[in-house]
Structures are given as C-alpha cells and as structure tokens.
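Working notes, structure below.
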Amino acid sequence: MEFSLSSEQEMIIDTVSSFVEQELYPHEDEVEKTNHIDASLAESIKQKAINLGLYATNMPVKYGGGGLDTLTLCLLEKELGKANFGLQYIVARPSNILMACKDEQIDKYLVPTIRGEKVDCLAMTEPNAGSDVRSMKCRAELDGEYFVINGSKHFISHADMADYVILFAASGVEETSRGAKKKITSFLVDMGTPGFSVETGYNSVSHRGYHNFILNFDNCRVHESQVLGEVDHGFDIANEWLGATRLSVAAMCLGRAERALQIATEWAATREQFGQTIGKFQGVSFKLADMSMELQAAELLTLRAAWNDSQGKMTNSDAAMAKLKATEMLAMVSDEAIQILGGMGLMDELPLERIWRDHRVERIWDGTSEIQRHIISRSLLRPFE
Amino acid sequence: MKIIIPIKRVLDPYTQARVNKQTQLVDLTNAKMAMNPFCEIAVEEALKIKESNAASETIAVSIGTEKTIDTLRTALAMGVDRAIFVKTDSELDLQPLHLGKILANIVKREEAQLVIMGKQAVDNDNNQTGQILSGLLDYSLGTFISKFQLSDDGKSVEVCREIDSGIETRQLNLPTIVTVDLRLNEPRYASLPNIMKARSKPLETIEISSFDIDISPRVKVISVEESGTKDRASKQVQSAEELFSELSQLGVL
C-alpha cells in the first residue's frame with residue numbers, strides 16, 4: 001500500500017490552497033452577509049482560475065480540461081471545499097456527464113463549457129421526485145424531429161449562472177418484471193428556448209451566495225440532436241458519469257472539517273477558563289481527538305474510493321461509503337467545534353456557524369444518507385438474492 | 001544571459017518549529033517543508049526577466065538530500081527552465097561558506113551573468129551565502145533588493161536596497177549577484193499545466209563529492225531553544241492612533 005502523495009499532487013494542493021486563501025477567503029464575509037456574489041467579482045475569480053489552469057480540472061486535456069485523475073481531483077476539491085460554496089463554485093468543475101456529448105454537441109457544449117465560455121446546470125429533481133427520481137413527471141414526447149417537453153424541476157442549483165441545462169425527462173414507459181418503469185432521456189436545453197422559463201427558487205439554510213431555481217417547461221420544443229446520450233437511456237449516462245460527484249461532495253466536506261478542526265484546536269490551545277487553557281480539560285481535548293480521528297477515517301474512505309475510481313474499479317458502494325461517512329463526519333465535527341468555542345462558535349465572526357449550516361445540505365443532496373446506506377446494504381445482500 | 005537562482009528547502013514558515021531534545025536541533029521529522037519564501041521571490045524575479053526576453057535561461061540550484069528535488073520541482077513548476085541538484089548523502093551541516101563555494105563552481109561552469117537569491121533563509125537566518133558568493137566570484141553585489149531594473153544595453157542593473165535610513169539606489173555592473181527582500185514582488189502560484197510539465201524539464205544531479213571542497217564545519221551550534229509560544233509582552237492594537245498612544249505611554253516615542 002502506498003499512502004504518500006506525488007510531488008505534483010503536493011504542488012497542486014499548495015496552489016489551490018493559496019488560491020482559496022488569497023482569492024476566495026477575503027470575499028467570504030460579504031457573500032455570507034449579502035447572500036450575493038457580484039458579477040464582476042465572479043468574473044475576476046473565474047479568469048484567475050482559468051489562468052492558473054484550475055478551471056474544469058475534472059475534464060480531459062484533449063478538450064482543454066485539467067485532466068486530473070479522480071484522486072488528485074479529490075485533493076483539489078478538498079481545498080476548494082474550505083471556502084464559501086458559491087465562491088468556490090466559480091472555479092467550475094463542469095458536470096462529468098457532458099462527456100456523453102457527441103458530434104456537434106462537443107463543439108457546442110462540451111468544449112465551451114470547459115473553456116468557461118458556457119456554464120452548465122443539471123436538472124433532475126422535482127417537487128414529487130426526490131430520492132425516487134424515476135418517478136419524475138416532467139415528460140418529453142416525440143413530435144417529428146422534436147421532443148415536446150412539459151413539466152417542472154426544482155432545487156436546480158446555479159441555474160442563474162447557466163447557459164444551458166442538462167435536463168432529465170420521462171420519455172415513455174416500459175414493462176418490466178417488476179411492473180411499469182419510466183424511461184428517462186437526457187437533453188441539452190439552452191436558456192431562452194421558447195417554452196422554457198426559470199424562476200427564483202427557495203431560500204436555503206446552506207450555501208449563501210449559491211442559489212437554487214425552479215425550471216418550468218411548457219410545450220418547450222427541443223430538437224432530437226439535443227439528446228444527450230441515447231433516447232430512453234438517460235440513466236445509463238447518469239450512472240456512468242455522475243458517481244464521481246459523490247466523491248466531490250465527500251472531499252469538500254473533508255476540507256471544511258479540517259478548517260473547523262483547526263479553528264477549534266487553536267481555540268482550545270489559547271482560550272483560558274478556570275486558570276488554564278480549555279484544551280487542558282479532558283472534556284474538550286477528547287472532543288478534539290474524536291474529531292481528528294473521524295476526519296482521518298472519512299479522508300481514508302474518500303481517497304480510497306477515489307483511488308479505486310482512478311484505477312477504473314470504483315463500486316457504487318465505495319462512493320456511497322465515502323459520501324455517507326464524510327458528510328456525517330462533518331456534521332459531528334462542525335457541531336463539536338461549535339461546542340468547544342461556546343457562544344463565539346455561533347457568531348458570524350468566524351466561519352464555524354457557516355460550516356455548521358452548510359453541512360446540512362451535504363447529507364441530503366447527491367443522494368441522502370439513507371439512499372447511501374441503501375446502496376451499501378444492497379451490495380452486501382444482493383449475492384444472497 | 002543565464003540566470004542562476006539558488007534556492008533552499010526549509011521548514012514551512014507557517015508551521016511551529018520544535019526542538020528535538022536529543023539532537024538539540026530543530027526537529028524536521030515528518031515536518032512540512034517548503035521553499036524558503038525569499039527564494040520564491042528570487043524565482044519570481046528571474047521569471048519576470050526571462051518573460052521580458054532579457055534572459056536566455058533560468059536555472060534553479062539547490063543543495064541537499066534527495067527530498068530537495070521536490071523544492072526544485074516547485075521552482076520548475078513556477079516556470080524555471082531547468083534545475084541543478086547537488087546531492088548530499090545525509091543532512092550535512094553545510095554552512096554558508098560551503099554553499100558559496102559549491103555555487104561559485106556552478107555559476108562559473110554555467111557562465112551565468114546574474115545570480116538572484118533570497119537575502120536569507122528563514123530557518124537559520126544566516127544572511128551570508130550571497131555575500132560570500134560575491135566575494136568568491138568577484139562579482140558585484142546588491143543585497144536586500146526591493147526593486148530591480150536591467151539596463152537597456154543589458155550590461156548593468158539598477159537596484160533599490162532597503163536599508164535602515166531608507167531606500168538606496170545603486171547601479172551594479174554585470175556579472176552580479178542580488179539578494180532579494182520581501183517587497184520586490186509577489187511570487188506567482190505554480191499553475192496546473194506548469195506543475196504537470198515540471199517532471200519533463202531537465203534536472204541534473206551532481207554529487208557533492210565531485211566538487212573537491214572541504215565541507216568540514218567551521219561553525220558549531222551550541223544550543224537551540226524554542227521561543228515562547230505566547231509572547232506576553234505583545235499586544236495587538238486596532239489602529240495607528242492606538243499604536244501611537246500605546247508607544248507614547250511607554251515613553252519610546
């Protein structure tokens with residue numbers, strides 16, 4: 001077993017962490033307070049990221065991306081994850097599913113998205129289709145060369161920044177041994193397509209400065225050349241390309257937990273009560289020990305899953321365990337960090353209250369903790385069926 | 001014109017130094033190491049000169065054990081063209097005079113006209129290697145540089161030096177050695193594509209024994225002590241006014 005990082009990986013961590021500390025941290029307070037990122041600030045961060053080669057690092061070099069393997073990408077995600085979510089998202093890692101682009105889609109969507117000329121967003125969730133995503137009601141019906149799309153999507157992240165949406169819609173029903181099952185097709189739909197409108201979503205407790213939207217489709221006609229992947233096989237490309245997103249969530253949680261642990265440790269080492277630093281009280285020091293151990297355990301699970309993915313052998317269970325452990329670890333670490341700081345931990349003078357608020361969505365999106373447990377347990381029990 | 005940039009691998013200045021009780025030296029076991037911050041500034045300045053087409057090649061040089069290669073790779077990833085690694089078998093107690101002699105050999109071999117280096121390394125704070133190198137090579141010398149301007153004919157440089165009484169401007173004829181101070185520039189980050197390219201750039205390894213230099217120590221470290229983690233005499237103030245009033249009260253103004 002080899003646990004050390006290459007000198008390239010160490011250098012990438014150095015570059016990204018310097019970038020995060022110098023280009024993102026200084027804007028965090030304002031974004032947290034205003035829940036808004038100024039367009040000119042976003043553009044300047046984006047250009048700096050592009051100049052440093054930090055943009056679209058998950059995409060292949062052949063299309064202009066950074067070409068990082070999954071493990072190195074996780075190391076980068078961990079550093080970016082330390083900053084306010086909206087700010088770090090400007091340093092985009094476009095959805096991997098764009099690798100399913102073919103023919104003219106490559107030059108129209110994939111390449112410009114990697115170059116930062118276009119931004120993608122992904123729409124799967126509906127008010128009545130969350131974890132049970134296949135129950136989606138948004139439908140696409142073939143009419144000559146066009147699909148006619150009707151329905152709506154919600155919780156669609158950063159649709160305000162996006163130039164197009166990767167949309168999943170039900171394109172029919174098939175009979176299976178377990179009953180009727182919806183067939184799903186994925187489409188690339190440009191903003192401004194007639195019949196497609198975007199409305200402001202909900203205010204979330206997590207991720208200030210990064211917004212969700214509601215997408216409405218009313219007889220929106222999309223040409224068949226806009227189908228991503230194959231008709232009726234939208235979930236095939238989702239399964240092929242979206243698994244690694246769970247590792248991104250896990251890796252960002254590692255970064256945030258590291259930041260929370262650092263703040264809590266410095267506090268415990270310097271804050272004095274009853275005539276000594278509070279880190280000398282076992283009640284505080286044991287918390288730090290558990291936080292550090294949980295963080296390392298989550299990191300090992302995440303990096304091992306990432307390493308497996310780099311070798312082309314990551315299982316759904318690997319990714320599920322990493323996402324589940326890392327997100328729940330962050331819940332514990334951010335909560336305990338606040339307990340160590342006491343009242344000050346709740347104030348927005350420090351990033352702790354934000355890390356605590358932000359962790360909540362991580363246990364829900366990209367598959368809830370319960371769905372992850374379902375995936376892990378299914379992989380154990382399936383051989384006995 | 002070739003530029004040589006001697007660089008040093010040091011304990012990451014953002015980590016807390018600990019003294020090993022047995023060796024009486026700073027404990028470097030498992031410590032995070034980094035390029036000396038003044039060396040980063042030297043690398044940045046050399047890259048700027050190269051980018052202005054005033055230099056033909058930038059060469060980073062470092063002396064140490066195998067791990068020093070990582071620091072040279074960082075310089076290559078920042079954009080330096082090639083690296084020379086002078087290999088020592090173990091953590092030898094190399095002192096500024098030894099380093100000066102090794103570097104003098106390399107500068108002569110490369111026929112470099114310009115040496116840009118940190119004014120000192122943040123580990124031992126010797127602030128001697130540049131000066132000794134200048135003496136050995138009989139090159140002109142500018143220390144504590146905060147501004148650097150190559151003349152149009154490429155035969156001299158105008159430098160500003162940060163000295164106690166203010167800023168001193170001097171002209172140095174090439175070949176010359178400059179040691180750089182904090183305010184000269186802001187070093188760039190290594191970009192991702194450059195990090196990937198660094199491994200394919202030339203890195204030459206030279207055994208220290210091939211120099212025929214007496215490396216026996218001239219200076220002996222008697223003891224190293226940790227500074228207090230908290231300086232209780234220090235006080236943080238919020239504004240210049242508050243600082244002025246505090247200093248006035250202490251009677252130092």
* Filter result (in a helix (DSSP H, G or I) and surrounded by 18 or more Cβ atoms within 10 Å (Cβ to Cβ)) within segment A:235-251 -> A:Phe235, A:Ile237, A:Ala238, A:Gly243, A:Ala244, A:Thr245, A:Arg246, A:Leu247, A:Ser248, A:Val249, A:Ala250, A:Ala251
* Single unsatisfied condition, A:Asp348 versus (1) in a helix (DSSP H, G or I); (2) touching an Asp or Glu at 6+ places or on another chain (Cβ under 7 Å); (3) of a type in the set (Asp, Glu) -> (1)
* Structure fact -> Given the conditions (1) in a strand (DSSP E or B); (2) touching a Gly at 6+ places or on another chain (Cβ under 8 Å), every one holds for A:Val222 apart from (2)
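Would you mind finding the one in A:Tyr89, A:Tyr55, A:Tyr63 that is of a type in the set (Ser, Thr, Tyr), over 19 Å from B:Ser191 (Cβ atoms) and not assigned by TED's automatic domain parsing to the domain that holds A:Ala162? Explain how you work it out, then say what you get.
Working: A:Tyr55 fails: over 19 Å from B:Ser191 (Cβ atoms); A:Tyr63 fails: over 19 Å from B:Ser191 (Cβ atoms).
Exactly one residue qualifies, and that residue is A:Tyr89.
With the requirement that a residue be among the β-branched types (Val, Ile, Thr) and buried (at least 23 other Cβ atoms within 10 Å of the Cβ), what does segment B:42-58 give you?
Passing the criteria: B:Val43, B:Thr58.
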* To do: Determine if segment B:181-191 includes at least one residue that is within 11 Å of chain A (Cβ to nearest Cβ) and either surrounded by fewer than 17 Cβ atoms within 10 Å (Cβ to Cβ) or over 19 Å from B:Pro6 (Cα atoms) (or both).
  => yes
* To do: Identify, by number, the condition in (1) within 21 Å of the chain's Cα centre (by Cα); (2) surrounded by fewer than 22 Cβ atoms within 10 Å (Cβ to Cβ); (3) more than 22 Å from A:Asp348 (Cα to Cα) that A:His36 doesn't meet.
  => (3)
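Please tell me if B:Asn30 is more than 12 Å from the chain's Cα centre (by Cα), at pLDDT below 95 and more than 26 Å from B:Ala104 (Cα to Cα).
Taking the combined requirement at face value, the residue satisfies it.
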* So is A:Tyr109 away from chain B (no Cβ under 11 Å), buried (at least 19 other Cβ atoms within 10 Å of the Cβ) and over 20 Å from B:Ser191 (Cα atoms) or not? -> yes
* Tell me, please, whether a residue that is farther than 18 Å from A:Gly255 by Cβ, in contact (Cβ under 8 Å) with a residue 24 or more places away in the chain and of a type in the set (D, E, K, R) can be found in segment A:6-16. => yes
* Asked: Is it the case that segment B:203-213 has a residue that's within 14 Å of chain A (Cβ to nearest Cβ), modelled with pLDDT of 90 or more and closer than 26 Å to A:Thr15 by Cα?
  -> yes
* **Scope segment A:311-360; condition among the β-branched types (Val, Ile, Thr), surrounded by fewer than 24 Cβ atoms within 10 Å (Cβ to Cβ) and more than 22 Å from the chain's Cα centre (by Cα); matching residues** => A:Ile338
* Selection count, segment B:77-97, where residues are over 22 Å from B:Glu57 (Cβ atoms) and either within 13 Å of chain A (Cβ to nearest Cβ) or assigned to a loop (DSSP other than H, G, I, E, B) (or both) -> 8
* Asked: Can we say B:Thr74 is of a type in the set (S, T, N, Q), closer than 24 Å to B:Tyr14 by Cβ and within 14 Å of another protein chain (Cβ to nearest Cβ)?
  -> yes
* To do: For segment A:1-92, please list each of the helices (runs of 4 or more DSSP H) lying entirely inside it that holds at least 3 residues being within 14 Å of another protein chain (Cβ to nearest Cβ).
  => A:7-19, A:39-51, A:70-80
* Structure fact -> Wholly inside segment A:126-216, strands (runs of 3 or more DSSP E) that include 1 or more residues that are at pLDDT below 95, more than 25 Å from the chain's Cα centre (by Cα) and closer than 23 Å to A:Glu370 by Cα are A:179-190
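The values are calculated or read from the model by the stated rules, or taken from the named source; none is laboratory data. None of the values given here were measured: they were computed from a predicted structure. Here Cβ is always computed from backbone atoms with ideal geometry, including for glycine, and neighbour counts include all displayed protein chains.
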